[in-house]
Amino acid sequence: MSNSKTSLDFGYISLASPEYGLKELGPDKLAEILIPGPIDHILIHIEYCLGKPTKFKLRPDDRALGLTREEIIKGAVAMYTQVYKTEEETMPEKSVWENSRRGGAFISANRPPTNGKYRIHMHELGDLQLHTGYYDPASREMTLGLDS
């Protein structure tokens, strides 16, 4: 059995507002099966900008067919959105981060590190662009390629 990963192209999708990128891909590309079934789920690694990486399960709408490009993209967007929401809800100390968001004393081109569940650093959700997935069929795990 091969341990090679398959590279999956997602175009460029803003994680904060994916609508434009999804429209640019078009219905045929979005409907394309990228991970053929039968498959119950895959694990997606959420790592970029996280001091404490995590994994989420992604299940296809139709286990017999597999996962489409659209399902993977929308799943990744939902996962990252949830991570950022959870980070904000679990930060015991918000003053430096909130102050910087209001143009306060923290001077940086990047988001200051936060101290919630995932320890997000470097970028806001709106900075992130999903472009690639790297899928390992042997482990049924995927890492995401993101730019900022």
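The values are calculated or read from the model by the stated rules, or taken from the named source; none is laboratory data. Model, not experiment: these values are computed from the prediction. Cβ coordinates were reconstructed from backbone atoms using ideal geometry, including for glycine residues, and neighbour counts include every protein chain displayed. SASA here: full protein model, heavy atoms, side chains in, ligands and nucleic acids out. Shrake-Rupley method; radii C 1.70, N 1.55, O 1.52, S 1.80 Å.
Given (1) of a type outside the set (Val, Ile, Thr); (2) in a helix (DSSP H, G or I); (3) in contact with a Gly (Cβ under 7 Å, 6 or more places away or on another chain); (4) open to solvent by 10 Å² or more (accessible area, probe 1.4 Å), identify the lone condition not met by Glu87.
Going through the list (1) of a type outside the set (Val, Ile, Thr); (2) in a helix (DSSP H, G or I); (3) in contact with a Gly (Cβ under 7 Å, 6 or more places away or on another chain); (4) open to solvent by 10 Å² or more (accessible area, probe 1.4 Å), Glu87 breaks only (4).
How many residues does segment 10-41 contain that are more than 22 Å from Leu125 (Cβ to Cβ) and in contact (Cβ under 8 Å) with a residue 60 or more places away in the chain?
4
Quick check on segment 49-56. Is at least one of its residues in a loop (DSSP other than H, G, I, E, B), under 10 Å from the mean Cα position of the chain (by Cα) and either modelled with pLDDT under 95 or within 27 Å of Met122 (Cα to Cα) (or both)?
no
Can you tell me which residues in segment 121-137 are under 15 Å from His45 (Cα atoms) and open to solvent by less than 50 Å² (accessible area, probe 1.4 Å)?
Scanning segment 121-137 gives Leu130, His131, Thr132, Gly133, Tyr135, Asp136.
What pairs come out if I take residues in segment 50-63 that are in contact (Cβ under 8 Å) with a residue 24 or more places away in the chain and pair them with residues that are surrounded by fewer than 17 Cβ atoms within 10 Å (Cβ to Cβ) and polar (S, T, N, Q) whose C-beta lies under 7 Å away, six or more apart or interchain?
none
Can we say Arg101 is closer than 23 Å to Pro18 by Cβ, modelled with pLDDT under 75 and open to solvent by less than 70 Å² (accessible area, probe 1.4 Å)?
No: the conditions fail for Arg101.
What's the total number of residues in segment 1-37 that are in a loop (DSSP other than H, G, I, E, B) and either within 14 Å of the chain's Cα centre (by Cα) or surrounded by fewer than 15 Cβ atoms within 10 Å (Cβ to Cβ) (or both)?
In the first step, residues of segment 1-37 are kept if they are in a loop (DSSP other than H, G, I, E, B); the result is 1-5, 15-18, 32, 37.
Those left that are additionally either within 14 Å of the chain's Cα centre (by Cα) or surrounded by fewer than 15 Cβ atoms within 10 Å (Cβ to Cβ) (or both): 1-4, 15-18, 32, 37.
Adding up the residues that qualify gives 10.
Which residues, counting only those in segment 118-148, are closer than 19 Å to Ile13 by Cα and either charged (D, E, K, R) or in contact with an Asp or Glu (Cβ under 8 Å, 6 or more places away or on another chain) (or both)?
Correct list: Glu124, Asp127, Leu128, Gln129, His131, Thr132, Tyr135, Met142, Thr143, Leu144, Asp147, Ser148.
Restrict the check to segment 65-81 and report whether at least one residue is in a strand (DSSP E or B), at pLDDT below 95 and open to solvent by less than 70 Å² (accessible area, probe 1.4 Å).
Within segment 65-81, not a single residue is in a strand (DSSP E or B), at pLDDT below 95 and open to solvent by less than 70 Å² (accessible area, probe 1.4 Å).
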